[in-house]
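The structure appears right after this line, and notes come after that.
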Protein chains: 2
Amino acid sequence: MATPSFATRREFLGGSSLLASTMAIPAFATRASAEETPLASWHDGPARNAIVAFVERTTGQGSPDFVPPEERITVFDNDGTLWSEQPVYFQLAFALDRIRALAAVNSGLAGIEPYKSVLSGDPAAIAALGEMGLLQIVALTHAGMTTEQFQVQVKEWLKTARHPRFDRPYTDLVFQPMLELLAYLRANGFKTYIVSGGGVDFMRPWVETVYGIPPEQIVGSAIQAQFEIDGGKAELRKLPEIEFNNDGPGKPVAINRFIGRLPVFAAGNSDGDLEMLQWTTLRPGPRFGMIVHHTDAEREWAYDRDSKMGRLDRALAEAPDRGWLVVDMQQDWKTVYPFQM
Amino acid sequence: MATPSFATRREFLGGSSLLASTMAIPAFATRASAEETPLASWHDGPARNAIVAFVERTTGQGSPDFVPPEERITVFDNDGTLWSEQPVYFQLAFALDRIRALAAVNSGLAGIEPYKSVLSGDPAAIAALGEMGLLQIVALTHAGMTTEQFQVQVKEWLKTARHPRFDRPYTDLVFQPMLELLAYLRANGFKTYIVSGGGVDFMRPWVETVYGIPPEQIVGSAIQAQFEIDGGKAELRKLPEIEFNNDGPGKPVAINRFIGRLPVFAAGNSDGDLEMLQWTTLRPGPRFGMIVHHTDAEREWAYDRDSKMGRLDRALAEAPDRGWLVVDMQQDWKTVYPFQM
């Protein structure tokens with residue numbers, strides 16, 4: 001991992017952090033520092049200009065659109081918005097790797113589902129497992145252990161797993177321009193939240209180090225958990241039942257429950273973010289909606305309407321009328337990943 | 001050892017606030033100001049000393065029990081811990097008043113339940129409505145409207161309703177020593193959260209003004225909500241279905257989901273706080289558990305094991321073994337309510 005020059009690592013990491021000091025997850029996030037030009041990986045052009053103009057008019061003293069610091073709430077989808085989500089959501093890659101690891105230590109599993117399909121490595125076979133199969137995979141890989149044990153597994157996986165296309169840790173596949181956007185917003189007094197369909201327990205072990213977003217600013221999906229006392233120690237045991245699916249219309253509901261303030265800025269990349277974009281922008285006052293459009297098959301991936309993962313159809317169609325910024329990854333970003341710098 | 005610093009007024013109110021400037025809710029909270037000694041309404045004695053000792057050993061530079069600022073998470077129950085909860089939970093008082101208001105504009109309702117029992121004013125008749133009756137009351141008073149409309153109703157109620165015993169706004173019945181404790185903790189870098197069985201939408205309209213706790217640090221129960229777009233404006237409509245009951249073992253689950261860090265300090269007053277106290281203290285590292293024991297029938301109320309509201313039995317029995325501080329309201333507090341100062 002590179003040792004970038006950064007004077008404000010502490011700021012970027014959201015303050016000194018127990019997590020940061022005990023984890024060995026690559027933190028390319030630190031490349032965006034206050035010393036550098038803000039949004040340096042964004043081409044000079046309408047996208048970058050729109051962001052800067054919004055920040056200036058909402059933070060400039062005396063501006064008619066001034067937003068007080070405590071109301072500067074920004075919400076970001078994660079998969080496909082802050083990091084890549086192809087060829088499968090990275091949390092699913094984690095789950096499939098766990099299934100393989102379980103089968104490796106218990107050879108009797110190889111003949112039964114969902115192990116069989118997962119071990120075949122055939123995407124069609126995995127897809128054919130359907131919703132029940134996916135729930136089974138979640139139950140086998142995310143439940144039956146304590147939240148602490150689960151987070152240890154996530155950290156271990158991030159250290160060892162490699163993305164199939166780039167042969168790098170998954171946390172390397174974060175978007176440099178979005179890291180800069182997070183840092184730029186925070187430097188201007190905005191509070192950055194993740195509001196993701198991904199599991200909150202899956203994100204917490206690495207999000208602070210990688211994005212500088214602390215655990216209490218991560219809103220995600222969750223499976224149920226059960227409180228128990230084991231040997232005098234309190235634990236939460238994860239159960240194989242969905243508690244909340246933080247996707248689509250669930251996102252505004254969760255934003256209301258967790259944050260209790262209306263965001264002024266929302267960024268997403270798929271129809272799963274449509275209602276979050278609507279909730280943020282179809283309200284009085286200055287508002288900003290942004291869609292990351294995956295248009296760069298060479299440096300990342302190109303997909304939208306016909307994609308199964310991160311499908312972007314209705315939100316893209318609505319964007320012009322709503323005034324949402326559609327970021328063209330290929331045109332607007334000088335760099336996609338930090339390791340390409 | 002650190003010299004504990006005092007809260008400034010601005011800090012106490014959680015920064016300048018749109019809410020604070022547009023609401024007319026009495027804010028006695030401001031009585032704890034920088035000019036005063038911290039915990040001034042606490043008698044000099046073991047309870048006050050235990051709190052100060054904990055804060056000093058967790059914040060003193062070089063202390064073996066030093067807790068970094070970002071880990072200084074504290075969680076407070078609300079009903080019976082930060083304000084009174086007798087003769088009924090104040091949120092229930094709100095609901096009953098709403099039922100009366102609905103019946104007043106529609107006289108046809110007076111003969112049917114739950115209106116009939118509520119209008120009778122007979123506590124036994126209201127209690128006899130049972131769980132179904134209470135859910136009906138919630139459905140009639142908390143659902144069918146947008147979150148915004150609901151919060152307007154709560155604000156209106158707080159302006160006009162008077163507590164039956166003290167003939168004062170309900171928000172006057174907050175505990176002065178607890179306001180000082182919140183301020184003292186924040187002045188020493190602790191982040192104060194409410195983790196209450198009460199409804200999050202019921203608390204948000206007034207908690208920031210009264211306790212200095214911002215909306216994003218309020219964890220509560222919730223009914224379901226539905227996203228909709230009405231006349232080009234995004235709304236959340238509250239539905240008559242419980243989404244999450246933030247009580248008992250639900251509190252650790254919610255703390256994990258919302259905050260994602262282990263609290264170092266928890267305060268409650270009933271068995272509904274037992275698991276939160278366990279989750280906070282039955283973990284490695286410096287931890288503090290505190291129970292507000294209602295022992296003061298003269299200035300407030302005296303109840304514990306046999307109470308229907310805020311019943312304190314198992315948690316009180318466990319307190320000595322767990323080392324939890326049991327605050328004796330009568331013995332430990334010079335003042336209960338700010339208006340008694």
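The values are calculated or read from the model by the stated rules, or taken from the named source; none is laboratory data. Note that this is a predicted model, so its numbers are computed, not measured. Please note: Cβ atoms are built from the backbone with ideal geometry, for glycine as well, and neighbour counts cover all protein chains shown.
Does the stretch B:61-78 hold any residues that are of a type outside the set (V, I, T) and either in contact with a Lys or Arg (Cβ under 7 Å, 6 or more places away or on another chain) or surrounded by fewer than 24 Cβ atoms within 10 Å (Cβ to Cβ) (or both), and which are they?
B:Q61, B:G62, B:S63, B:P64, B:D65, B:F66, B:P68, B:P69, B:E70, B:E71, B:R72
Among residues that are more than 9 Å from chain B (Cβ to nearest Cβ) and within 17 Å of A:E318 (Cβ to Cβ), A:R287 is included. Yes or no: A:E275 more than 7 Å from chain B (Cβ to nearest Cβ) and not small (G, A, S)? No, not satisfied.
Helices (runs of 4 or more DSSP H) wholly in the stretch B:230-341 with at least 3 residues that are buried (at least 20 other Cβ atoms within 10 Å of the Cβ) - which ones? It comes to B:250-258, B:274-281.
Would you say A:L185 is within 14 Å of A:V75 (Cα to Cα), in the same structural domain as A:R57 (by TED's automatic domain parsing) and of a type outside the set (V, I, T)?
In short, yes.
Quick one: is A:A24 modelled with pLDDT under 50, at negative phi and surrounded by fewer than 13 Cβ atoms within 10 Å (Cβ to Cβ)? Yes. Name the residues in the stretch A:103-121 that are surrounded by 11 or more Cβ atoms within 10 Å (Cβ to Cβ) and closer than 22 Å to A:P164 by Cβ, would you? A:A103, A:A104, A:A110, A:P114, A:Y115, A:K116, A:S117, A:V118, A:L119, A:S120 - these are the residues of the stretch A:103-121 that are surrounded by 11 or more Cβ atoms within 10 Å (Cβ to Cβ) and closer than 22 Å to A:P164 by Cβ. Among the residues making up the stretch A:136-152, those that are modelled with pLDDT of 90 or more and of a type in the set (V, I, T) are A:T141, A:T146, A:T147, A:V152. Among the residues of the stretch A:201-228, those that are in a strand (DSSP E or B), aliphatic (A, V, I, L, M) and either more than 9 Å from every other protein chain (Cβ to nearest Cβ) or in contact (Cβ under 8 Å) with a residue 40 or more places away in the chain (or both) comprise A:V219, A:I223, A:A225. Candidates B:A234, B:A267, B:A297: the one that is over 13 Å from A:R257 (Cα atoms) and facing another protein chain (nearest Cβ under 10 Å) is B:A234. Of all residues in the stretch B:154-185 being more than 17 Å from the chain's Cα centre (by Cα) and buried (at least 19 other Cβ atoms within 10 Å of the Cβ), which is nearest to B:E56 (Cα to Cα)? The selected residue is B:Y184. The set of residues from the stretch A:236-265 being among the charged types (D, E, K, R), out of contact with any helix residue (DSSP H, G or I) (no Cβ under 7 Å at 6 or more places or on another chain) and at pLDDT 95 or above comprises just one member, A:R237.
Residues that are of a type in the set (A, V, I, L, M), in a strand (DSSP E or B) and more than 11 Å from every other protein chain (Cβ to nearest Cβ) do not occur anywhere in the stretch A:177-189.
Does B:H142 count as buried (at least 17 other Cβ atoms within 10 Å of the Cβ) and under 18 Å from B:M309 (Cβ atoms)?
no
Which of the residues belonging to the stretch A:50-60 are surrounded by 13 or more Cβ atoms within 10 Å (Cβ to Cβ) and under 20 Å from A:Q331 (Cβ atoms)? Passing the criteria: A:A50, A:I51, A:V52, A:F54. No other residue among B:D313, B:D332 is within 26 Å of B:L92 (Cβ to Cβ), of a type in the set (D, E, K, R) and modelled with pLDDT of 95 or more apart from B:D313.
Against the numbered list (1) touching a residue at least 12 places away in the same chain (Cβ under 8 Å); (2) in the same structural domain as B:A267 (by TED's automatic domain parsing); (3) surrounded by 13 or more Cβ atoms within 10 Å (Cβ to Cβ), B:G45 comes up short only at (3).
Just for the stretch B:233-258: of the residues that are hydrophobic (A, V, I, L, M, F, W, C) and touching a Lys or Arg at 6+ places or on another chain (Cβ under 9 Å), which one is farthest from B:G197 (Cα to Cα)? Here the residue is B:A234.
For the stretch A:59-100, the tally of residues that are over 25 Å from the mean Cα position of the chain (by Cα) and either more than 14 Å from chain B (Cβ to nearest Cβ) or assigned to a helix (DSSP H, G or I) (or both) stands at 6.
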